[in-house]
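A quick write-up on the structure given underneath.
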Amino acid sequence: MNSEPQSANGDGPPLMELRDLQMFFPVKGGVLQRTQAQLKAVNGVSLSIRKGETLGLVGESGCGKSTLGKCAVRLLRPTGGQVLFEGNDISSLSRKALKPYRRDIQMIFQDPAESLNPRHSIGSLLEEPFLVHGNRDAADRNRRVLKLLDIVGLPASAIEKFPFEFSGGQRQRIGIARAIALNPKLVICDEPVSALDVSVQSQILNLLMNLQEEFNLSYIFIAHDLAVVKHISDRVAIMYLGKIVELGPTEEIFRNPLHAYTRALISAIPVPRPGQRRERILLKGDVPSPIDPPEGCAFARRSWIPCEPEELDKPGEFREVSPGHWVELHPATVEDYASYQR
Amino acid sequence: MNSPLLDVRNLQTAFDTEKGRVVAVDDISFTVARGKTLGIVGESGCGKSVTALSITRLLPQPMGNILGGEISFEGQDLAQATESQLRAVRGARIGMIFQEPMTALNPVHRIGRQLSECFLLHQDISKAEAWDRSIELLQKVGIPSAEVRIGEYPHQLSGGMRQRVVIAMALACKPSLVIADEPTTALDVTIQAQILELMKSLQEEMGMSIILITHDLGVIAETCDDVVVMYAGRVAEKGSVQDIFERPAHLYTKGLLDSIPRIDHPPKTPLQTIPGFVPGLHELPTGARFAPRSPHPDAKAYMNSEAYRSVRPSLVEIGPGHWVEDCPVVRVDQMPAHT
């Protein structure tokens with residue numbers, strides 16, 4: 001089975017655990033709008049997030065990383081598998097039953113301009129979480145809003161202003177303030193810096209790292225920029241076509257990437273140092289469609305590691321190859337496949 | 001004498017908006033050498049795309065206008081050229097690649113029709129011949145089974161494939177200059193690597209010059225020979241790619257380089273930042289525009305001085321071909337040494 005990639009390593013129970021998570025969307029068509037196929041956005045993912053850690057989730061567009069994030073906050077109801085939060089399965093809870101968990105699991109979105117209601121002042125945007133969760137004391141709410149602004153580095157005067165009066169970086173600070181308002185335990189950050197200018201991106205990354213330390217937050221950090229993910233994450237998971245293909249401690253993944261896809265991704269990052277040209281692995285073709293994806297190893301046909309034609313449809317096996325380092329083993333995904341066969 | 005292919009001098013471009021005139025590109029000069037790649041780097045609103053649109057005179061009308069300067073390209077001043085002269089240049093002598101290929105392609109026409117149009121507009125050849133050449137071109141930009149793809153519509157292609165088609169269109173008439181405005185920003189890293197590789201090999205083969213506009217310093221370092229760093233509508237610094245990356249002379253350039261997380265940095269350490277944010281184009285000072293964000297100890301004093309309000313710093317050459325804004329509070333070599 002391609003599951004249970006969590007080795008017990010004495011860190012206590014995980015904060016969140018995804019077990020064989022699936023999120024399929026029906027693809028409808030024809031006159032009768034019948035379901036013609038399944039778009040398998042997340043196709044059997046097992047992961048866990050420990051207290052206080054940042055798990056980086058990397059992959060290219062359409063690999064399902066954002067869908068996975070939305071399942072974890074339960075903005076989506078997964079079609080299969082489990083989402084365990086502190087041991088409780090929240091994957092099929094109703095809206096009402098979910099409410100206590102909403103405090104604990106929050107999300108930061110890519111484009112703060114779209115996630116903030118333009119007609120609300122910053123004060124009312126930041127006050128909303130407290131109101132929704134039953135804080136009826138206006139003075140107390142105001143105090144908390146001011147504290148939040150201070151934490152994320154915005155002036156108190158922001159309270160009267162509206163989202164359009166802020167720059168992209170400042171708006172992202174507001175998005176972060178809203179996410180941390182109720183002292184969550186887990187924050188899912190979906191491409192939080194990719195819409196920002198380079199000089200502002202580092203401010204936001206620093207803020208996220210400081211908040212983590214101060215409030216002992218756990219992050220799932222979803223991004224396509226490997227350098228950013230490497231900087232902020234304790235562990236990294238690489239996702240391809242709805243599945244995790246490699247998982248491990250950040251340093252280990254970047255020092256010793258094993259999966260052919262991970263190695264291609266790392267080699268594709270342009271390095272801001274002229275004249276230093278590394279061996280670049282160019283992948284053939286494009287990411288295949290997640291609609292009815294190949295049954296076997298999804299990456300085999302794009303891989304630069306050759307394998308026998310009859311092995312192409314063989315499923316890969318997700319296995320721990322060294323402590324904490326998991327990789328999908330298949331003749332086309334790792335070099336020297338035979339050496340992994342005991 | 002090896003004269004540059006493109007020589008932009010004192011270009012000034014403005015937009016007339018409801019709030020008044022906004023100078024998006026404020027008196028900038030640079031050259032593009034033959035067969036070389038010039039990178040223009042900067043953050044949103046710095047004027048890099050407006051520069052590209054000015055060169056091809058594709059500014060939105062009637063708001064966008066070139067107020068002054070010369071754009072001399074192959075002996076012709078494009079700033080003064082008539083619309084019919086420009087039509088002979090665009091697509092033929094200057095090819096263009098934009099960020100989002102879907103907006104550059106017409107969704108209701110097949111790839112083949114759009115590609116052969118480039119030939120039919122600028123060359124005296126038959127439709128059948130144009131069609132054949134289009135297939136050839138698609139093969140050249142690495143599109144598999146080009147004979148089939150040529151009959152497809154843009155939406156049937158993936159993002160990377162579409163960008164290849166746009167590149168094919170830009171190169172159809174063997175231009176001497178290609179302007180690529182964030183050509184890989186909308187693409188995934190592995191596809192970006194493919195496209196950059198493709199542009200490089202086509203350049204080696206066809207010998208055209210490229211202006212590459214991007215915010216990604218990694219892309220600049222890997223593909224460009226010369227670099228212009230823009231900030232708030234002006235050139236902060238320009239020089240060879242080695243000058244910019246190894247000897248940055250402007251504090252903004254240095255700040256940018258220091259603030260990107262690098263793959264070889266130790267993780268979970270604080271990143272360097274540039275305080276503040278990119279200024280809006282309204283109410284920009286005459287003096288050095290980076291001063292409010294400068295870490296230089298004298299920056300505050302400078303901002304209270306008359307010079308900040310009324311003296312525009314010129315560029316000074318500090319090494320062969322390496323120019324930087326001549327204002328002490330934004331220059332790396334004028335920073336007091338740490339004790």
Partner shielding of B:211-224, as the mean number of partner chain Cβ atoms within 10 Å, equals 3
Among B:Lys200, B:Lys254, B:Lys19, residue whose mean-square fluctuation peaks in a GNM of chain B (springs only between Cα atoms under 10 Å): B:Lys19
For helix A:138-151, what angle does its Cα long axis make with the longest principal axis of chain A, in degrees from 0 to 90 and rounded to 10? 50
Percent antiparallel among DSSP beta bridges (both partners in chain B, rounded to 5): 65
Residue by residue through segment B:266-281, which ³J(HN,Hα) values in whole Hz follow from phi under the Karplus form 6.51 cos²θ - 1.76 cosθ + 1.60 (θ = phi - 60°), with glycine and proline marked x? x, x, 6, 10, x, 8, 5, 10, 9, x, x, 9, 4, x, x, 7
Occluded residues from segment B:40-65, i.e. those whose accessible area drops by 20 Å² or more once the chain is not alone (1.4 Å probe): B:Glu43, B:Ser44
Protection proxy ranking of A:299-305, B:317-323, A:136-142 - average other beta-carbon atoms within 10 Å, highest first: A:299-305, B:317-323, A:136-142
With all protein chains present, how much of the accessible area of chain B (probe radius 1.4 Å) comes from carbon and sulfur, to the nearest whole percent? 51
Span-rule helices in chain B, defined as complete DSSP H runs reaching 15 Å or more along the axis (Cα) with Kyte mean at least 0.0: B:111-122, B:159-171, B:189-206
What is the distance in Å between the Cα centres of segment B:126-155 and segment B:65-110? 23
Inter-chain shielding metric for A:247-253, i.e. average beta-carbon neighbours from other chains within 10 angstrom, reads 1
Residues with amide H under 5 Å of A:Met239's amide H, sequence separation 5 or more or different chain, H placed in the peptide plane at 1.01 Å from N; which? A:Val58, A:Gly59, A:Val245
Out of every Cα-Cα pair in chain A, what percent are more than 35 Å apart? 27
Once normalised by the length of segment A:1-131, the mean sequence separation of its alpha carbon contacts under 8 Å that are 6 or more apart gives a contact order in percent of 24
Would you mind telling me the antiparallel percentage of the DSSP bridges in the protein assembly as shown, rounded to 5? 65
Note to self: C-alpha centroids of segment A:306-342 and segment A:44-121 sit apart, in Å, by 30
Relative contact order of segment B:201-339: what whole-number percent is it, with Cα pairs under 8 angstrom and at least 6 residues apart? 23
Any residues in segment B:147-191 that have 40 Å² or more less accessible area with all protein chains than in their chain alone, probe 1.4 Å, and which are they? B:Asp188, B:Val189, B:Thr190
Choose one of B:Thr184, B:Cys118, B:Ser158: the residue whose Cα lies farthest towards the positive end of the charge dipole of segment B:91-226 (beta-carbon charges +1 Lys, Arg; -1 Asp, Glu; about the Cα centre). B:Cys118
When you look at the Cβ of every residue in A:227-240, what mean number of other chain Cβ atoms sits within 10 Å? 3
Would you mind working out the accessible area per residue for the protein assembly as shown, using a 1.4 Å probe, and quoting it in Å²? 43
Descending packing, highest mean Cβ count within 10 Å first, for B:97-107, B:162-172, A:179-189, B:266-276 is B:162-172, A:179-189, B:97-107, B:266-276
With Cα atoms, 0 to 90° folded angle of helix A:95-104 axis to chain A main axis: 90
In Å², rounded to the nearest 100, what is the total accessible surface buried by chains B and A against each other with a 1.4 Å probe? 3900
Kirkwood-Stokes translational diffusion coefficient of the protein assembly as shown, alpha-carbon pairs, 37 °C, 0.692 mPa s, µm²/s: 120
With N set to the number of residues, divide the alpha-carbon radius of gyration of chain B by 2.2 N^0.38 Å and report two decimals. 1.06
Extreme residue, positive dipole direction of chain A, given options A:Leu329, A:Ser233, A:Leu247 (C-beta unit charges): A:Ser233
Where the only charges are on Cβ atoms (+1 Lys, Arg; -1 Asp, Glu), what is the dipole of segment B:67-164 about its Cα centre, to the nearest 20 debye? 340
Top positive-direction residue, dipole computed over segment A:94-246 with Cβ charges, set A:Val193, A:Leu125, A:Gly168: A:Leu125
With a 1.4 Å probe and all protein chains left in place, how much of the accessible area of chain A comes from carbon and sulfur atoms, in whole percent? 49
Residues in segment A:36-69 that, when all protein chains are in place, have 10 Å² or more less accessible area than the chain alone would give (probe 1.4 Å): A:Glu60, A:Ser61
Could you work out which residue, out of A:Arg74, A:Arg119, A:Arg178, moves most in a Gaussian network model of chain A, that is, has the largest mean-square fluctuation with Cα springs under 10 Å? A:Arg119
Relative contact order for chain A: what percent, with Cα pairs under 8 Å and sequence separation of 6 or more? 20
Size of charge dipole - segment A:204-342 - debye, nearest 20, with Cβ of Lys, Arg +1 and Asp, Glu -1, no other charges: 540
Relative packing of B:140-150, B:301-311, which averages over residues the other C-beta atoms within 10 Å, highest first: B:140-150, B:301-311
Largest fluctuation, A:Asp292, A:Asp190, A:Asp111 only, Gaussian network model of chain A with Cα springs under 10 angstrom, belongs to A:Asp292
Dipole in debye (nearest 20) - chain A, about Cα centre, beta carbon charges: Lys, Arg +1; Asp, Glu -1: 940
In degrees, nearest ten, helix A:168-180 long axis to first principal axis of chain A (Cα): 90
Segment B:300-339 to segment B:228-266: how many Å between their Cα centroids? 15
Quantify how much of the Cα-Cα distance distribution of segment B:1-133 extends past 24 Å, in percent. 40
Restricting to lysines and to Cα separations under 21 Å from A:Lys314, and discarding same-chain partners fewer than 8 apart, the set is A:Lys40, A:Lys243, A:Lys284
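The values are calculated or read from the model by the stated rules, or taken from the named source; none is laboratory data. All values derive from a computational prediction rather than experimental measurement. So basically every Cβ, Gly included, is an ideal-geometry build from the backbone, and we count neighbours across all protein chains shown. Heavy atoms of the whole protein, side chains included, go into the accessibility calculation; ligands, DNA and RNA do not. Shrake-Rupley method; radii C 1.70, N 1.55, O 1.52, S 1.80 Å.
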